[in-house]
Amino acid sequence: MTTQAELDPDEHRRAALVQSLPTVTDDTPLMAELQQDARRRIELRGRRFPRPAETRVVTVANQKGGVGKTTTTVNLAAALAQSGLNVLVLDNDPQGNASTALGVEHRAGTPSIYEVLVEGAPIAEAVQESPDVPNLWCLPATIDLSGAEIELVSMVARETRLRSALDTYLQWRIDNGLERIDYVLVDCPPSLGLLTVNAFVVAREVLIPIQCEYYALEGLSQLLKTIQLIQAHLNRDLHVSTILLTMYDARTNLAQQVASEVREHFPERTLRTTVPRSVRISEAPSYGQTVMTYDAGSSGALAYLEAAREIAERGAATTDVTPSNSATAESGAEEDR
């Protein structure tokens, strides 16, 4: 059987370079990390990821704070965009950290997701393109969004306002001869309110970042139950498609144990790639950038690039996911734990 590497000279060259890397053992963890980074540079640099058959809308959620939701959202978005895909980020968190990292304007008074949710403004009037990454757009969040929870309570169809606005925007792009958006990534706050409910209703998929530390699975069972409720009443297509392990430190037994436990309970959903603890990832937002542009050769950037490839390849390989039982099964597995 002919392999892709044999058909594609570029793939053959990549494979040969990876084969030439030195062999490492468990006794050389630093060398193993260096080899992994070298392999990722060879395999991923300049590679274009496959386009999904239709726009994938993914909400990045975890009710536990500090697990890397915003960091994951912006860096996966940048990685997908750098690899030839059209990506839109919906910053649905009043803190506006995703807007900061993508370098888009989000001072008070800037057209934002607040106007879209509360005033019914079209997304096309508020969306901005990232100055650092072509084909990456952001619907920013301003401080005004902090009051949106209260204002939405009395509104008609309050849970579906973001979904309606996004559907209209995606159709508007097609009607105006613009390229289709391949991925929509939604960043949402850690609390469960109307903003988060809108984020779950607008999406078809949920990506859950899990921190490789103690209490990592705290609240995960409740999150899965919340997703079940959304499935039952507001969005039957919603399902957990991806789990990403973040802040991973291979030198500690704790991180390895957490990773092993997550993979045991969610084997089909958990990405092979883990995102390491990285100073570069932490520094990038203070410069108004993602780590993908701040230091593209760093371990953190390469990890997010590989995670993005996994997500893109999974989406291209399986376009027919059965969502109805996924959250139920995962909730049961979590309760068994």
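The values are calculated or read from the model by the stated rules, or taken from the named source; none is laboratory data. Computed from a prediction, not measured in an experiment: that's the story for all the values here. Positions of Cβ are generated from backbone atoms using ideal geometry, with glycine treated the same way; all protein chains shown enter the neighbour counts.
Listed here are the residues, each with its yes/no results for (1) closer than 26 Å to Leu192 by Cβ; (2) out of contact with any Leu (no Cβ under 6 Å at 6 or more places or on another chain).
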residue	(1), (2)
Val58	yes, no
Ser83	no, yes
Val89	yes, no
Gln95	yes, yes
Ser99	yes, yes
Pro111	no, yes
Val118	yes, yes
Gln128	no, yes
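Taking region 232-251 only, how many residues are in a strand (DSSP E or B) and either touching a residue at least 40 places away in the same chain (Cβ under 8 Å) or over 25 Å from Arg314 (Cβ atoms) (or both)?
Within region 232-251, residues that are in a strand (DSSP E or B) and either touching a residue at least 40 places away in the same chain (Cβ under 8 Å) or over 25 Å from Arg314 (Cβ atoms) (or both) number 7.
Whenever a residue of region 278-307 is farther than 16 Å from Ala101 by Cβ and modelled with pLDDT under 90, its partners that are assigned to a loop (DSSP other than H, G, I, E, B) and small (Gly, Ala, Ser), lying with C-beta atoms within less than 8 angstrom and at least six residues away or across chains, give the pairs Ser299/Ser278.
When Asp93 is tested against the conditions (1) part of a loop (DSSP other than H, G, I, E, B); (2) closer than 18 Å to Val201 by Cα; (3) over 20 Å from the mean Cα position of the chain (by Cα), the lone failure is (3).
Entry remark, region 209-231: residues being part of a loop (DSSP other than H, G, I, E, B) and charged (D, E, K, R) number 2 in total.
Identify all residues within region 181-196 that are surrounded by fewer than 22 Cβ atoms within 10 Å (Cβ to Cβ) and modelled with pLDDT of 95 or more; write none if there are none. Of everything in region 181-196, just one residue is surrounded by fewer than 22 Cβ atoms within 10 Å (Cβ to Cβ) and modelled with pLDDT of 95 or more, namely Ile181.
Where in region 131-208 are the helices (runs of 4 or more DSSP H), entirely inside, with at least 3 residues that are within 19 Å of the chain's Cα centre (by Cα) and within 29 Å of Leu224 (Cα to Cα)? Even if it seems obvious, please write down each step before you answer.
Values: elements: 148-152, 161-175, 194-202.
The qualifying helices (runs of 4 or more DSSP H) are 161-175, 194-202.
Residues in region 116-130 that are touching a residue at least 24 places away in the same chain (Cβ under 8 Å) and in a helix (DSSP H, G or I): Val116, Leu117, Val118, Ile123, Ala124.
Of the candidates Ala108, Ala61, Ala78, the single residue that is modelled with pLDDT of 95 or more and touching a Ser or Thr at 6+ places or on another chain (Cβ under 9 Å) is Ala78. As a summary of the residue check, Tyr215 satisfies the conditions (1) closer than 25 Å to Ala78 by Cβ; (2) under 22 Å from the mean Cα position of the chain (by Cα); (3) exposed (fewer than 15 other Cβ atoms within 10 Å of the Cβ) except for the one numbered (1).
Return yes when Leu90 is hydrophobic (A, V, I, L, M, F, W, C) and either touching an Asp or Glu at 6+ places or on another chain (Cβ under 8 Å) or under 26 Å from Glu283 (Cβ atoms) (or both) and no when it is not. Answer is yes for this residue. Only a single criterion out of (1) under 29 Å from Val202 (Cβ atoms); (2) buried (at least 20 other Cβ atoms within 10 Å of the Cβ); (3) of a type outside the set (Lys, Arg); (4) at pLDDT below 90 is not satisfied by Ala255, namely (1).
Inside region 96-114, residues that are surrounded by 20 or more Cβ atoms within 10 Å (Cβ to Cβ) and either of a type in the set (S, T, N, Q) or not in a loop (DSSP other than H, G, I, E, B) (or both) make up a count of 7.
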